[in-house]
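Undergrad: What follows is a structure written as structure tokens; I'll ask about it next.
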Amino acid sequence: MATTAQPELDFLLVGGGLGNALIALALFARRPGVKVGLVEQGRALGGNHLWCFHAGDVEEEAREFVSPLVSAQWPRYEVRFPELSRTLEEPYAAVRSERLDEVVRAAFAAQRGSRLFLECRAVHVTDRTVKLEDGRELRARHVIESRGPEALSSSERAGYQKFLGLEVKLKRPSPISHPVLMDALVPQRDGFRFLYALPFSSDRVLLEDTYFSDDKHLDRARLEQEILEYAAKSGFEVECVVREEVGILPLPTRLRHVPNPAPGGPLVAGYQGAWFHPVTGYSFPVAARLACAVARAEPDTLRERAWPRLVREQRAQLRFCLLLNKLFFGAFAPDQRRNVIERFYRLPPESVRRFYAMSLSHADRARILCGRPPRGFSLSRALSSSGGDSSPSSVRSTPGGALS
Ligand SMILES: Cc1cc2nc3c(=O)[nH]c(=O)nc-3n(C[C@H](O)[C@H](O)[C@H](O)COP(=O)(O)OP(=O)(O)OC[C@H]3O[C@@H](n4cnc5c(N)ncnc54)[C@H](O)[C@@H]3O)c2cc1C
């Protein structure tokens, strides 16, 4: 195999999914003239994905490069439980992979000296080199690898978050105008179950049947039928299904300790490097934060100083979230899990926001953990009775609810 000499780049990114796409955009925004190479085995960047996230979790600095990616955004969202219905005045957003592909391609085209290597598979990656399947060897001052969830080192898992989503076209305008993140009024089975509804426009909605379950079995035909029944009962008149999405995300209780970076190895970003939220499976806010930090760091000291600090911070948040998974699946029977989540949504909105953003304070942790099973946690009851929840969100609690 012939090795062609390539000019040295500042950064080489291996894997063109969410993690590295955000790192590339952050570098272009913050470091004019930076030379970035991105290696992706597929034809397009981002695969076939819809990434949703709480827009408030994305820090100011990241908004400049995240905003052009956003396909839809809403100012608020809602959750529904037997004893609590709550609308949180917190923005929620969605990014489609097609848009990510378009924006990142345009950014590379505009950046002299930077280059996309599409349909190129990396077969050997070190701290400064990437060998491609076709024999070429690329070099850079820094190599960052983000090859996705499959590349995450083995973990002990407690359960799974599994879902089937149908994006449907409607015959009549959607009965909702903002997302219903959890409609947990649906019959509970197979762990904690809820319907998720995302109205993209008046005639386009994503409906997702989601389970926090002990196993990864998913009966696709049954879920499809139940989503359509739910749609009919909830006032969505479906004309046709335009897209389907299936996810089975392991929810770990422990991750194998792998040095990041390993001696002589690349910096590891994305899901592969455990830059994700182990309770929700979301990774967008963490990925955006990491991208900003990489772009902000002095390239000369990124590997020795900034990166190890970021890894330490992420691991501290990870430890607590892994503990939550252990408690959720280990300490609560499947039929009690809905109560736990209902209880969580009684917390002040800033704690809910920081939970999703993975930037929990010590007080947030205490609020989440304190209390008695099976409902768990009584601290927010104390807070609410002392007038501690001065949230801008609207809360409707049926008699007997902890906010009453
Ligand atoms: C169905 C599903 C829905 C999700 N929804 C959300 C959501 O709504 N919000 C959210 O925040 N998170 C969500 N996640 C979680 C997470 O955000 C995604 O998994 C995210 O895409 C992870 O980013 P990443 O860069 O680590 O990996 P990926 O986006 O998977 O990117 C990895 C890339 O590396 C490429 N690659 C792999 N090996 C090689 C190689 N040897 N050479 C070259 N290229 C290679 C792959 O082709 C791929 O494009 C979801 C996950 C799934 C599975």
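The values are calculated or read from the model by the stated rules, or taken from the named source; none is laboratory data. Keep in mind it's a predicted model, so treat the numbers as computed, not measured. Here Cβ is always computed from backbone atoms with ideal geometry, including for glycine, and neighbour counts include all displayed protein chains.
Undergrad: Would you check which residues across the stretch 98-141 are buried (at least 20 other Cβ atoms within 10 Å of the Cβ) and among the small types (Gly, Ala, Ser) and list them?
TA: Ala107, Ser114, Ala122, Ala140
Undergrad: Looking at the stretch 155-165, is at least one residue closer than 30 Å to Phe332 by Cα, of a type in the set (Lys, Arg), within 12 Å of the ligand (Cβ to nearest atom) and not in a loop (DSSP other than H, G, I, E, B)?
TA: yes
Undergrad: Between a residue in the stretch 85-98 that is over 19 Å from Leu50 (Cβ atoms) and any residue that is surrounded by fewer than 17 Cβ atoms within 10 Å (Cβ to Cβ), which pairs come within a Cβ distance under 6 Å, given they are 6 or more apart or on different chains?
TA: Sorted first by the residue in the stretch 85-98, then by its partner, the pairs are Ser85/Arg396; Thr87/Arg76; Thr87/Ser394; Glu89/Arg76; Glu89/Pro392.
Undergrad: List the residue pairs whose Cβ atoms are under 8 Å apart, where the first residue sits in the stretch 315-342 and is closer than 10 Å to Pro278 by Cβ, the second is part of a helix (DSSP H, G or I), and the two are 6 or more positions apart or on different chains.
TA: Phe320/Arg365; Leu324/Ile368
Yes/no per residue for (1) assigned by TED's automatic domain parsing to the domain that holds Phe53; (2) within 19 Å of Glu224 (Cβ to Cβ); (3) within 10 Å of the ligand (Cβ to nearest atom); (4) crowded, with 20+ Cβ neighbours inside 10 Å:
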site: Val143; (1), (2), (3), (4): yes, no, no, yes
site: Glu167; (1), (2), (3), (4): no, yes, no, no
site: Pro175; (1), (2), (3), (4): no, no, no, no
site: Val186; (1), (2), (3), (4): no, yes, no, no
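Undergrad: Hey, another quick one. Limited to the stretch 39-64, what total is found for residues that are touching a Phe, Trp or Tyr at 6+ places or on another chain (Cβ under 9 Å) and more than 20 Å from Val95 (Cα to Cα)?
TA: Summing the residues that are touching a Phe, Trp or Tyr at 6+ places or on another chain (Cβ under 9 Å) and more than 20 Å from Val95 (Cα to Cα) in the stretch 39-64 gives 1.
Undergrad: Follow-up. In the stretch 38-68, what count of residues is obtained for those that are free of Cβ contacts under 8 Å to residues at least 40 places away in the same chain and over 15 Å from the mean Cα position of the chain (by Cα)?
TA: The qualifying residues number 5.
Undergrad: Right, next: Can you confirm whether the stretch 141-160 contains a residue that is of a type in the set (A, V, I, L, M), more than 29 Å from Arg254 (Cα to Cα) and touching a strand residue (DSSP E or B) at 6+ places or on another chain (Cβ under 9 Å)?
TA: No: zero hits.
Undergrad: Tell me yes or no: at least one residue of the stretch 124-135 is within 13 Å of the ligand (Cβ to nearest atom) and in a loop (DSSP other than H, G, I, E, B).
TA: yes
Undergrad: Something else about it: Taking the options Val79, Val39, Val95, name whichever one is within 11 Å of the ligand (Cβ to nearest atom), at pLDDT 95 or above and out of contact with any helix residue (DSSP H, G or I) (no Cβ under 7 Å at 6 or more places or on another chain).
TA: Val39
Undergrad: For Arg86, which of the numbered conditions (1) out of contact with any strand residue (DSSP E or B) (no Cβ under 7 Å at 6 or more places or on another chain); (2) among the charged types (D, E, K, R); (3) assigned to a strand (DSSP E or B) fails to hold?
TA: Of everything listed in (1) out of contact with any strand residue (DSSP E or B) (no Cβ under 7 Å at 6 or more places or on another chain); (2) among the charged types (D, E, K, R); (3) assigned to a strand (DSSP E or B), Arg86 misses just condition (1).
Undergrad: Within the stretch 279-299, can you find the residues that are farther than 17 Å from Ile23 by Cα and either of a type in the set (A, V, I, L, M, F, W, C) or free of Cβ contacts under 8 Å to residues at least 60 places away in the same chain (or both)?
TA: Across the stretch 279-299, the qualifying residue is only Val279.
Undergrad: Quickly run through the stretch 53-70 and pick out the residues that are within 14 Å of the ligand (Cβ to nearest atom), of a type outside the set (Phe, Trp, Tyr) and either at pLDDT 95 or above or surrounded by 21 or more Cβ atoms within 10 Å (Cβ to Cβ) (or both).
TA: His54, Asp57, Val58, Ala62, Val66, Leu69, Val70
Undergrad: Determine whether the stretch 171-178 contains at least one residue that is under 27 Å from Leu323 (Cα atoms), in contact (Cβ under 8 Å) with a residue 40 or more places away in the chain and out of contact with any Leu (no Cβ under 8 Å at 6 or more places or on another chain).
TA: First, the residues of the stretch 171-178 that are under 27 Å from Leu323 (Cα atoms): none.
No; the residues of the stretch 171-178 include none that is under 27 Å from Leu323 (Cα atoms), in contact (Cβ under 8 Å) with a residue 40 or more places away in the chain and out of contact with any Leu (no Cβ under 8 Å at 6 or more places or on another chain).
Undergrad: So which residues in the stretch 264-301 are surrounded by fewer than 21 Cβ atoms within 10 Å (Cβ to Cβ) and over 20 Å from the mean Cα position of the chain (by Cα)?
TA: Correct list: Gly264, Gly265, Arg296, Ala297, Glu298, Pro299, Asp300, Thr301.
Undergrad: Oh, and also: Name the single residue that is farthest from the ligand (Cβ to nearest atom) among those in the stretch 255-287 being at pLDDT below 90 and farther than 16 Å from Gln161 by Cα.
TA: The extreme case among them is His257.
Undergrad: Step by step: first the residues of the stretch 357-374, then only those that are within 18 Å of Phe332 (Cβ to Cβ) and surrounded by fewer than 16 Cβ atoms within 10 Å (Cβ to Cβ), then the one that is modelled with the highest pLDDT. Which residue is that?
TA: Leu369
Undergrad: Mind listing just one residue for me: the one in the stretch 203-216 that is at pLDDT below 95 and surrounded by fewer than 21 Cβ atoms within 10 Å (Cβ to Cβ) and, of those, farthest from Gln336 (Cα to Cα)?
TA: Per the criteria, the residue is Lys216.
Undergrad: Regarding Leu88, is this residue within 15 Å of the ligand (Cβ to nearest atom) and either modelled with pLDDT of 95 or more or crowded, with 16+ Cβ neighbours inside 10 Å (or both)?
TA: no
Undergrad: Restricting attention to the stretch 22-40, which residues are under 19 Å from Arg128 (Cα atoms) and either out of contact with any Gly (no Cβ under 6 Å at 6 or more places or on another chain) or hydrophobic (A, V, I, L, M, F, W, C) (or both)? Break it down into steps so the answer makes sense when it comes.
TA: Kept after step one, since they are under 19 Å from Arg128 (Cα atoms), are these residues of the stretch 22-40: 23-24, 27, 34-40.
Passing the criteria: Ile23, Ala24, Leu27, Val34, Val36, Gly37, Leu38, Val39.
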